[in-house]
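Input: a single structure, listed below in structure tokens.
The values are calculated or read from the model by the stated rules, or taken from the named source; none is laboratory data. The shown structure was predicted, so the numbers you read here are calculated from the model rather than taken from an experiment. No Cβ is skipped: glycine too gets one built from the backbone with ideal geometry, and neighbour counts run over all protein chains shown. Please note that ligands, DNA and RNA were not included when accessible areas were found on the heavy atoms of the full protein model with its side chains. Shrake-Rupley method; radii C 1.70, N 1.55, O 1.52, S 1.80 Å.
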Amino acid sequence: MRDLAHEHATRVFDPEDINSPESRAELAAMDADLFVVCDYGQILSAETLAVARLGGVNLHASLLPKYRGAAPINWALYHGEAETGVSVIHMTPQVDAGPVIAQGATPIRPEETAVELEARLAEFGAWFVRRAIDLLESGDLQALPQDPALASKAPRLKKTDGLIDWTRPAEAIRNQYRAMEPWPKTYTFWHRAKGAPLRMIVGPLSTEAGRPDVAPGTVLEADRHRLVVAAGQGAVVIGGVHPAGKRPMSVEEFLRGHRVRPGDRFGPESP
């Protein structure tokens, strides 16, 4: 977005603290009617919002009050939601808690990753932002307050959110892969017969029937073309591997250089 602004000779104002007196003075000099916010890393205070005649609106990538927070797209995918959407709220100093001005839903596609869904919701949400601005300008606004009892959280991702828990169902692990793109990605450790556990980023992932008599994290197949690992329910087929300290590679290439065997264990670094 910054590059696009520079291309069109649009001024970029990027203060370290948007709520400082100096920042408010800078914003006041712009004489704005409305602030429009999307994926901004700071919370605008009531004093800052009051600088604009109509306050501010925020485009949020969930069907609020579900998934309030910094990573709504990722957590919707992680939890296997079939539907998500966008919400435009009239901003308050509380995170994603303002009344909803405009909202739209869309199905989540079965193979969609967070990268792909974010791009689609950005385009989808633009119309709803325009709709919200029109409603504010016309005064024909019927903002709906959010029900706090229905709120759920979507906290900022941590690196450890990518670690696979093989006791979860295979479909849940596949959803985790979709949710953790492009960061922190899904990863596990291969506990080799010799040497320290090897950290590996894995994906894409697919699922198939497993073996209920085998412990989760056990390698079921490791031939020239397939690497299959038992999950808590079903099995996960690994489509690519990025071993620590090396480049990403196909499963075929990885298995040519690494002696993974059925019965080997995948899991956390420490037992």
Checklist entry - Take the residues of the stretch 158-169 that are part of a loop (DSSP other than H, G, I, E, B) and closer than 18 Å to R199 by Cβ: which is farthest from the chain's Cα centre (by Cα)? => result W166
Checklist entry - Identify, please: which residue in the stretch 102-117 is among the aliphatic types (A, V, I, L, M) and over 25 Å from D140 (Cα atoms) and is, among those, surrounded by the fewest Cβ atoms within 10 Å (Cβ to Cβ)? => result V115
Checklist entry - Restricting to the stretch 48-65, what's the tally of residues that are more than 15 Å from V88 (Cβ to Cβ) and assigned to a loop (DSSP other than H, G, I, E, B)? => result 4
Checklist entry - Quick check: is even one residue across the stretch 15-35 crowded, with 16+ Cβ neighbours inside 10 Å, touching a strand residue (DSSP E or B) at 6+ places or on another chain (Cβ under 7 Å) and at pLDDT below 95? => result no
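Quick grid of which residues meet (1) of a type in the set (D, E); (2) closer than 30 Å to R68 by Cβ; (3) touching a helix residue (DSSP H, G or I) at 6+ places or on another chain (Cβ under 6 Å); (4) without any contact (Cβ under 8 Å) to a residue 60 or more places away in the chain:
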site	(1), (2), (3), (4)
T167	no, yes, no, no
A179	no, yes, yes, no
I201	no, yes, no, yes
P204	no, yes, no, yes
A209	no, no, no, yes
P212	no, no, no, yes
P216	no, no, no, yes
P268	no, yes, no, no
Next on the checklist: Suppose we keep only residues that are β-branched (V, I, T) and assigned to a strand (DSSP E or B) within the stretch 223-264. Which one would you say is farthest from D213 (Cα to Cα)?
Outcome noted: V241
Checklist entry - Which condition number does R120 fail, the rest of (1) open to solvent by less than 80 Å² (accessible area, probe 1.4 Å); (2) within 14 Å of C38 (Cα to Cα); (3) free of Cβ contacts under 8 Å to residues at least 24 places away in the same chain; (4) not β-branched (V, I, T) being met? => result (2)
Checklist entry - Out of E123, E118, E137, E112, which single residue is modelled with pLDDT under 95, not polar (S, T, N, Q) and not in a strand (DSSP E or B)? => result E137
Checklist entry - Out of (1) over 15 Å from I164 (Cβ atoms); (2) in contact with a Gly (Cβ under 9 Å, 6 or more places away or on another chain); (3) open to solvent by 20 Å² or more (accessible area, probe 1.4 Å), the odd one out for V251 is which? => result (3)
Item to check | Meets criteria (on the phi > 0 side of the Ramachandran plot, open to solvent by less than 50 Å² (accessible area, probe 1.4 Å) and in contact (Cβ under 8 Å) with a residue 60 or more places away in the chain) for Y78 | outcome: no
Checklist entry - Just checking, which of R211, R224, R199 is among the basic types (K, R), touching a Pro at 6+ places or on another chain (Cβ under 8 Å) and over 26 Å from R109 (Cβ atoms)? => result R199
Checklist entry - Considering only the stretch 170-222, how many residues are outside any strand (DSSP E or B), within 17 Å of V260 (Cβ to Cβ) and open to solvent by less than 70 Å² (accessible area, probe 1.4 Å)? => result 8
Next on the checklist: Please go through the stretch 1-47 and give me each residue that is within 22 Å of A132 (Cα to Cα), out of contact with any Phe, Trp or Tyr (no Cβ under 9 Å at 6 or more places or on another chain) and aliphatic (A, V, I, L, M), ordered by number.
Outcome noted: M1, A32, L34, V36, V37, I43, A46
